[in-house]
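Report on the structure given below.
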Amino acid sequence: MARGVAHVTLPRVTEPVAVTFVLAQKFTMLAFTAAIEPLRVANQLTGQILFRWRTLSEDGKPVPCSNGVPVMPDGPLTDTTAPGYVLVCGGVEPENTMGASLGDWVRNQWRRGRTVGGLCTGAYALARAGILKGRRFTLHWENISGFSESWPDLAPARQVFCLDDRIVTCAGGVAAADLMLKLIHDRFGAQLSQEVMNMCLLIQRRTEEDEQTTSLAARLGTRNEKLLKAVAFLEARIEEEFDLDACAAHLGVSRRQIERLFNRYLGVTPVRYMNDLRLQHGRALLAETDLSVTEVAVACGYASSSHFSKSFRKKYGVSPYRFSNFGA
């Protein structure tokens, strides 16, 4: 164990907290390191082994993360029960990198009393395990659309992390550090949690209530109440036929007034704004699901797949078919 200048005195711990990281293909390195480093720092600060960890993969072979760097795990998944926490590290293309066998293994760990979780898109493995029904959980915001198409009966939260009994999940990235700081705080106290933050140069620990992305007002760069309500109304109906009149009636203003608000604050028409939003949604579905181009077009509110394809090619410079099959 490395020694440092900073120190936190804790009563002697006789039973370290065990954490097993299961590395899925193309897992995100940022989420993994953001999770493991606070544990290392907690050990260093106290001069004790508060946490022990190991890494596993399905076959025990090196696992390439999303940036291409291979990581050598400690071993393969086995039928034995993993102690403590079991966290699946997900990343890109979760629909293809976390299959039924991993879900079965996670379910067995859950049934044996382990606390299981997912980092980034690790919730895919938990969904395949069939243990998320009625639970609060999360995953990276970019993957929520694709996840919801695959599991429409599950409702992921858009929060930084979620704790629900023996299920812990986080959105990935530096949110993994927020999750670990919460675990350190609950197990070993506020002082150690704060000192770990200081060592990691984190100035704020986000809570379970914090959302992953900025507020709608911050995203749009305006606090105009009417515009925010109009955008929220339209975004909630991305799969439905575009109806600006219904939006105007909901807000109690004229259609022309909404058009002026969009032009003044966003520099686009409501139709253009919704088209861009629908194409972003379609791109996410093509990247994260096995839905056909026609099915994606319907899910994005397009009347025909040809209209969707033409708009998609114009915006992204490639047909949706070629995009969905890239690298296949």
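Read the figures in this text as sums done on the coordinates, not as results from a lab. This is a predicted model, so every value here is computed, not measured. As a convention, Cβ positions derive from the backbone with ideal geometry for all residues, glycine included, and neighbour counts pool all protein chains shown.
Annotations for the structure displayed:
- FRET efficiency estimate (nearest 0.05) - Cβ-Cβ, Asp276 to Val5, R0 41 angstrom: 0.20
- Take 245-258, 113-126, 92-105 and order them by the average number of nearby Cβ atoms within 10 Å per residue, most first; the result is 113-126, 92-105, 245-258.
- Considering only alpha-carbon pairs that sit under 8 angstrom and 6 or more positions apart, the relative contact order computed for the chain is 14 percent.
- Principal-axis tilt of helix 270-288 within the chain, Cα atoms, nearest 10 degrees: 40
- Expressed as a fraction of 2.2 N^0.38 Å, the C-alpha radius of gyration for the stretch 230-305 is 1.19.
- Of the cross-linked pairs Lys133/Lys182; Lys61/Lys315; Lys133/Lys315; Lys226/Lys314; Lys182/Lys226, those separated by over 29 Å at the C-alpha level are Lys61/Lys315; Lys133/Lys315; Lys226/Lys314; Lys182/Lys226.
- Nearest 10 degrees, 0 to 90: helix 100-111 Cα axis against the chain principal axis: 60
- Ranked by the mean number of other Cβ atoms within 10 Å of their residues, highest first, the peptides 137-143, 193-199 come out as 137-143, 193-199.
- Each peptide in 38-47, 290-299 receives the mean, over its residues, of other Cβ atoms within 10 Å, and ordering these scores from highest gives 38-47, 290-299.
- The chain - convex hull of alpha carbons, volume per residue in Å³: 156
- Modelled this way, with points 7 Å down the Cα-to-C-beta line, the labels at Thr214 and Thr14 are 5.2 nm from one another.
- Radius 13 Å from Cβ of Trp141, net charge of other residues (Lys, Arg +1; Asp, Glu -1): -2
- Dipole axis of the chain (+1 Lys, Arg; -1 Asp, Glu on Cβ), positive-most option in Pro62, Gln44, Leu126: Gln44
- Rounded to the nearest 10 degrees, the inclination of helix 255-265 to the longest alpha-carbon principal axis of the chain is 50 degrees.
- The distance separating the Cα centre of the stretch 137-174 from that of the stretch 53-92 comes to 20 Å.
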